[in-house]
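K.L.:
Here you go, one structure.
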Amino acid sequence: MKKKSKRPWGVFIAIFLAILFGSWAGEDAHVFGIRLFSVFDVLGTMFLNALTLVVVPLVSASIISGISRIGKEGGIGRLGGKMFLFYIGTSLMAILIGLFFVNLFDPGSHHAAPIINQEDTAELAQLKDQLVNHEGEALVKVLMQIVPSNIFQAFSQGQMLGLIFFSLLFGFALSKIETHGAGAVKGFFEGLFQTMIQVTHLIMKVLPYGVFCLVAKVFMSSGIVSLESVAVFSGTVLLGLAVFMFVGLPLLLKFIGRVSPVRHFKAMTPALVTAFSTSSSSATLPITMDCVEKRAGVSNRICSLVVPLGTSINMSGSALYECVAAMFVAQAYGIDISFATQFLVVMLALITSIGVAGIPSASLVAILVILRVIGLPPEGIGLFIAVDRLLDMCRTTVNVFSDSCCAVLVAKSEGEKNVLTEATEAKAEMEE
């Protein structure tokens with residue numbers, strides 16, 4: 001635990017030093033005849049490549065194991081249908097809230113100079129032409145990737161829509177099989193998922209150094225004025241998360257669940273504090289389940305199914321962040337995104353949030369997926385990576401609270417009477 005608590009400070013220190021160094025050195029700084037901007041560009045690209053390296057196996061294994069787990073833990077019946085309805089509903093609500101605020105405040109327009117090299121100017125112009133003038137054709141080409149003719153080719157080329165579709169289909173089919181062979185396949189993907197999480201953890205150990213290179217590169221080219229766009233971006237994300245957590249979800253609890261939102265906030269306080277401090281919904285899972293079952297009064301039958309599965313595939317806060325981040329990068333590159341492409345971003349954020357691992361900064365992987373699908377440079381994450389760690393703490397808290405709200409809503413729809421009652425609250429206080 002002590003090691004985990006130090007990790008955010010290393011990232012924050014790296015960000016602070018990168019801002020100071022990048023603003024002071026400038027783009028033309030040299031050491032021993034070597035241009036520092038080029039060094040940071042190479043090292044930052046290597047860090048991005050390391051993140052991209054885990055995209056295909058992590059997303060596919062996460063989706064397959066998460067979907068197949070439903071069959072192992074009770075099948076896709078009435079309870080599973082309600083569960084998915086609330087998962088998709090809350091995530092879609094979060095994404096639309098984020099989309100509204102990112103269009104309202106247009107944080108990308110505050111960026112002074114997009115992080116783009118001179119040799120990429122023609123490519124950027126071609127990208128603008130593709131998205132603005134031929135958006136319908138581009139959208140059709142993207143949609144055609146949903147059902148690939150060769151799944152191995154889709155995997156090798158990183159065609160994420162085809163990968164996600166196949167993973168959803170494969171996981172659903174796997175949940176319907178009860179033979180010994182199916183158990184071995186499920187075990188393989190569970191093991192692959194856990195292995196890729198460990199690989200991601202290894203990559204995240206160099207996160208402060210990767211962040212330093214990416215942030216320093218931005219501030220060497222744009223200077224201190226880059227803080228304006230980062231501040232507006234952060235404010236947009238935080239406002240969206242706040243509206244979703246303190247307005248959207250409480251309205252669902254009040255009018256659909258017929259329970260007190262204030263009482264639920266009080267019941268979930270230990271889990272929310274843990275989620276904020278660890279930035280990991282997976283690490284918070286035991287405390288979340290304890291709060292939902294003992295403090296909120298949800299039965300073990302529902303809690304043991306809804307909460308663990310929600311930790312894997314219900315990432316409402318992350319979905320909101322991914323949508324805002326992708327739109328922010330497009331705005332910063334001066335690309336006017338039409339309604340059709342915004343709809344595609346919404347769908348991608350909804351789908352990729354299913355494959356986000358419950359570990360710190362895992363949303364960066366999903367954002368790379370969205371950027372790749374809509375044709376934006378992956379280097380665009382350098383525009384906001386300086387504040388990703390702080391925003392990660394906030395969106396993880398929202399993820400955990402959203403999971404608990406879904407558990408309460410499912411429990412109430414199943415007719416449970418002891419959910420968030422005065423008696424349950426008093427019993428929890430006596431046990432403490």
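Laboratory data are not the source of any read-out in this text; all were calculated from the coordinates shown. No experiment lies behind these values; they were computed from the predicted model shown. We place every Cβ from the backbone using ideal geometry, glycine too, and count neighbours over all the protein chains shown.
K.L.:
Hey, can you rank 13-22, 169-178 by average C-beta count inside 10 Å, highest first?
P.N.:
Top of the packing list down: 13-22, 169-178.
K.L.:
State, to one decimal in nm, how far the label point of residue 339 lies from the label point of residue 194, with both points 7 Å from Cα in the Cβ direction.
P.N.:
4.8 nm
K.L.:
Arrange the peptides 294-303, 332-341, 30-39, 395-404 so that the one whose residues have, on average, the most other Cβ atoms within 10 Å appears first.
P.N.:
Listed from highest to lowest mean packing, they are 395-404, 294-303, 332-341, 30-39.
K.L.:
According to the Kirkwood expression over distinct Cα-Cα pairs, how big is the hydrodynamic radius of segment 262-348, in Å?
P.N.:
About 15.1 Å, per the Kirkwood formula over Cα pairs.
K.L.:
Considering only the other residues whose Cβ falls under 15 Å of the Cβ of residue 257, what net charge follows from Lys and Arg at +1 and Asp and Glu at -1?
P.N.:
Charge balance in the 15 Å sphere: +3.
K.L.:
Full extension from residue 202 to residue 255: what is 0.36 nm times the residue separation minus their Cα-Cα distance, to one decimal in nm?
P.N.:
Taking 0.36 nm per residue and subtracting the Cα distance, the gain is 14.7 nm.
K.L.:
Once R0 is set to 35 Å, what does the formula 1/(1 + (r/R0)^6) return for the Cβ-Cβ distance between residue 266 and residue 231, expressed as a FRET efficiency to the nearest 0.05?
P.N.:
0.60
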